[in-house]
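Visitor: So that we are looking at the same thing, I have put the structure below in structure tokens.
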Amino acid sequence: MTRLDLLIIVVALAALPLLYWQLWGPNYRGTEVNILVGNQKAQRYSLLRDQTLAIRGKLGDSIIHIKNGSAAFIQSPCPNKQCIHSGWQHRNGDTTACLPNRITLSVVGDGFARFDSVNF
């Protein structure tokens with residue numbers, strides 16, 4: 001192993017913690033949630049105001065609750081309830097959807113959206 005090989009290994013190992021922090025580091029909280037129903041224009045709601053929304057989708061009404069800067073599906077007419085099991089969304093870039101009911105919930109805000117394992 002040459003000195004150049006050793007230098008490359010040391011630089012790569014030193015860069016790993018920095019890259020990890022950059023990609024998965026600070027949580028940028030969202031300030032608003034976009035709710036898209038089918039192909040309609042997204043409706044935007046503030047995450048700073050606690051509220052409960054009844055959004056009509058293809059199968060019926062989905063209940064979305066906004067509380068303490070987070071949003072979640074609370075009730076939905078879909079069969080498997082994956083949208084409800086996805087839990088509370090609060091970081092910029094967090095997204096969940098009720099695919100059978102064609103409702104998508106996306107958190108937006110300042111800063112950049114974090115990477116997750118789906119990006120790789």
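The numbers here are math on the coordinates, done by the rules we state, and not lab data. As the structure is a computational prediction, the values presented were derived from the model and not from experiment. As a convention, Cβ positions derive from the backbone with ideal geometry for all residues, glycine included, and neighbour counts pool all protein chains shown.
Visitor: Which of the listed residues, Ala15, Gly38, Cys98, is farthest toward the dipole's positive end in the chain, when Lys, Arg count +1 and Asp, Glu count -1 at the beta-carbon?
Guide: Gly38
Visitor: Right, something else. Only counting other Cβ atoms within 10 Å, I'd like Ile9, Ile64, Ile55, Ile74 sorted with the fewest neighbours first.
Guide: Listed from fewest to most nearby Cβ atoms, that is Ile9, Ile74, Ile55, Ile64.
Visitor: I need the peptides 84-90, 2-8, 65-71 ranked by packing, meaning the mean over residues of other C-beta atoms within 10 angstrom, with the highest value on top.
Guide: 65-71, 84-90, 2-8
Visitor: Right, next: Could you list Thr96, Thr104 in order of exposure, starting from the residue whose Cβ has the fewest other Cβ atoms within 10 Å?
Guide: Going from least to most buried by this count: Thr104, Thr96.
Visitor: Can you work out the FRET efficiency for the pair Ser46 and His85, with r the C-beta to C-beta distance and R0 = 22 Å, to the nearest 0.05?
Guide: Working from the Cβ atoms, E equals 0.30.
Visitor: Also, quick follow-up: So I have (1) 131; (2) 103; (3) 113, and one of them is volume of the Cα convex hull per residue in Å³ calculated from this model. Which one is it?
Guide: (1)
Visitor: Considering the chain, which cysteines have no disulfide-compatible partner, defined as another cysteine with its Cβ under 4.7 Å away?
Guide: If one checks each Cβ against the other cysteines of the chain, Cys78 turn up with nothing under 4.7 Å.
Visitor: What does the charge count near Gly109 come to, summing +1 for each Lys or Arg and -1 for each Asp or Glu among other residues with Cβ under 11 Å from its Cβ?
Guide: Local charge sum for Gly109: -1.
Visitor: OK, next. I want the local charge near Ala71. Using Cβ-Cβ distances under 14 Å, sum +1 for each Lys or Arg and -1 for each Asp or Glu among the other residues.
Guide: +2
Visitor: Where nothing but the Cβ of Lys and Arg (+1) and of Asp and Glu (-1) is charged, how large is the charge dipole of the chain around its Cα centre, in debye to the nearest 20?
Guide: Using only the charged Cβ atoms, the result is roughly 320 debye.
Visitor: Modelled label-to-label distance, Arg56 and Leu13, 7 Å Cα→beta-carbon offset: nm?
Guide: 6.3 nm
Visitor: Rank the residues Cys83, Cys78 as a footprinting-exposure proxy: fewest other Cβ atoms within 10 Å of their Cβ go first.
Guide: With the sparsest Cβ surroundings first, the list reads Cys78, Cys83.
Visitor: Same structure again: What angle do you read, to the nearest 10 degrees and between 0 and 90, between the alpha-carbon axis of helix 3-24 and the longest principal axis of the chain?
Guide: With rounding to tens, the tilt is 20 degrees.
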